[in-house]
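Each remark here refers to the structure printed beneath this line.
The values are calculated or read from the model by the stated rules, or taken from the named source; none is laboratory data. Predicted model, so just to flag it, every value in this text is computed and none were measured. Positions of Cβ are backbone-derived with ideal geometry, glycine not excepted, and every protein chain shown enters the neighbour counts.
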Amino acid sequence: MQFISERRLDDGVLEREFTLGEIPGTLWTPESTTPVPLILMAHNNGLPKGEPRLVARARHSAAQGYAVASIDAAGCGGRPRSAAAEQARADLRRAMQAGEPVDEIFESFIGPLVENAVPEWRTALDALLALPGIDGPVGYSGWTAVGIRLAVAEPRIAAAGFFAGGYVPVAQREEARQVTVPLLFLLQWDDEGNPRQRALDLFDAFGSEQKTLHANLGGHTGTPWFEKEDGDRFFGRHLK
């Protein structure tokens, strides 16, 4: 891991950009004299680690005493994308806007994206936990599809907060039963891109004995800010 830039923000949080091989990432850490827990924060497919909503969430959590890291996984953010992937994105957007069936397009595009992303998240996790000032346990916050796969594959994940999506690949819908860590599931009741009933069915499928569903009115990007504050309290119960 190589740090390529750093800056101290107004709230005392240190923001550092890094590279890990071909993986670009950002790490936010609080001012602390003792090691702090780590939260891996992933945005939905294709959006960059510098997306403003993700950065705001990361800074808030870091100011509350967590190290927070985000990466641009393969095919996401500013990393190269294949022509086939770009066509699949366009086809998926068109079908969703037209109200057409999207399952086949979704599986062919998102399934491989998840499978490629999780090994890179695990590589980043290895490097992050080797840094001074960062210690376990580890939490995950963000994109549901990657989070399910990571929670199943990575025993160091101790708690997870998922931004509910009705559309997750079949493989992850089946893996949901293997997710047993404490879980906070956020659902936007009027999410225009994710069927509500699918999200409710997914929540029901999770194998966690401690799982909480928060549902709010509004569209996909309308999650209230107080859910971020509740999320930090959730991680405080399980990571600190």
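Farther than 15 Å from L27 by Cβ and without any contact (Cβ under 8 Å) to a residue 40 or more places away in the chain: which single residue out of R89, R94 fits that description?
R94
For (1) over 13 Å from the mean Cα position of the chain (by Cα); (2) in a helix (DSSP H, G or I); (3) crowded, with 22+ Cβ neighbours inside 10 Å, each residue gets a yes or a no:
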{"residue": "P112", "(1), (2), (3)": "yes, yes, no"}
{"residue": "A127", "(1), (2), (3)": "yes, yes, no"}
{"residue": "P137", "(1), (2), (3)": "yes, no, no"}
{"residue": "G147", "(1), (2), (3)": "no, yes, yes"}
{"residue": "A171", "(1), (2), (3)": "yes, yes, no"}
{"residue": "E175", "(1), (2), (3)": "yes, yes, no"}
{"residue": "Q197", "(1), (2), (3)": "yes, yes, no"}
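Restricting attention to segment 14-25, does a residue exist that is within 13 Å of the chain's Cα centre (by Cα), aliphatic (A, V, I, L, M) and within 25 Å of W225 (Cβ to Cβ)?
no
Would you mind finding the one in A176, A160 that is out of contact with any Lys or Arg (no Cβ under 9 Å at 6 or more places or on another chain) and more than 14 Å from M41 (Cβ to Cβ)?
Exactly one residue qualifies, and that residue is A176.
Which is out of contact with any Cys (no Cβ under 7 Å at 6 or more places or on another chain), assigned to a helix (DSSP H, G or I) and surrounded by 21 or more Cβ atoms within 10 Å (Cβ to Cβ), of A69, A58, A95, A73?
A58
Taking segment 19-35 on its own, how many of its residues are buried (at least 18 other Cβ atoms within 10 Å of the Cβ) and over 22 Å from P137 (Cβ atoms)?
The qualifying residues number 2.
Of G136, G142, which residue is closer than 21 Å to T123 by Cα, out of contact with any His (no Cβ under 9 Å at 6 or more places or on another chain) and small (G, A, S)?
Checking each option against the conditions leaves just G136.
From G142, G165, which residue is in contact (Cβ under 8 Å) with a residue 24 or more places away in the chain, of a type in the set (G, A, S), within 19 Å of G236 (Cα to Cα) and surrounded by 15 or more Cβ atoms within 10 Å (Cβ to Cβ)?
Values: G165 fails: within 19 Å of G236 (Cα to Cα).
Result of the check over G142, G165: G142.
Does any residue in segment 2-16 that is within 19 Å of P132 (Cβ to Cβ) come within less than 7 Å, Cβ to Cβ, of a residue that is in a loop (DSSP other than H, G, I, E, B) and of a type outside the set (A, V, I, L, M) six or more places away or on a different chain, and which pairs are these?
G12/P30; G12/E31; V13/P30
Of (1) farther than 28 Å from P24 by Cα; (2) at pLDDT 90 or above, I134 satisfies all except one. Which?
Only one criterion is unmet by I134, namely (1).
Any residue at all in segment 115-129 that's of a type in the set (S, T, Y) and modelled with pLDDT of 85 or more? Walk me through it before giving the result.
Going residue by residue through segment 115-129, those that are of a type in the set (S, T, Y) are 123.
If we keep only those that are modelled with pLDDT of 85 or more too, we end up with 123.
The answer is yes, given that some residue of segment 115-129 is of a type in the set (S, T, Y) and modelled with pLDDT of 85 or more.
Among the residues of segment 209-223, which ones are exposed (fewer than 12 other Cβ atoms within 10 Å of the Cβ) and either within 12 Å of A164 (Cβ to Cβ) or among the aliphatic types (A, V, I, L, M) (or both)?
Across segment 209-223, the qualifying residue is only L217.
Among the residues of segment 199-232, count how many are closer than 30 Å to E100 by Cα, in a loop (DSSP other than H, G, I, E, B) and of a type in the set (G, A, S).
3
Would you mind finding the one in F226, F206, F234 that is surrounded by 14 or more Cβ atoms within 10 Å (Cβ to Cβ) and more than 28 Å from L92 (Cβ to Cβ)?
Matching residue, one of F226, F206, F234: F234.
For segment 182-195, what are the residues that are exposed (fewer than 14 other Cβ atoms within 10 Å of the Cβ) and either on the phi > 0 side of the Ramachandran plot or touching a helix residue (DSSP H, G or I) at 6+ places or on another chain (Cβ under 7 Å) (or both)?
Hit for segment 182-195 is W189, nothing else.
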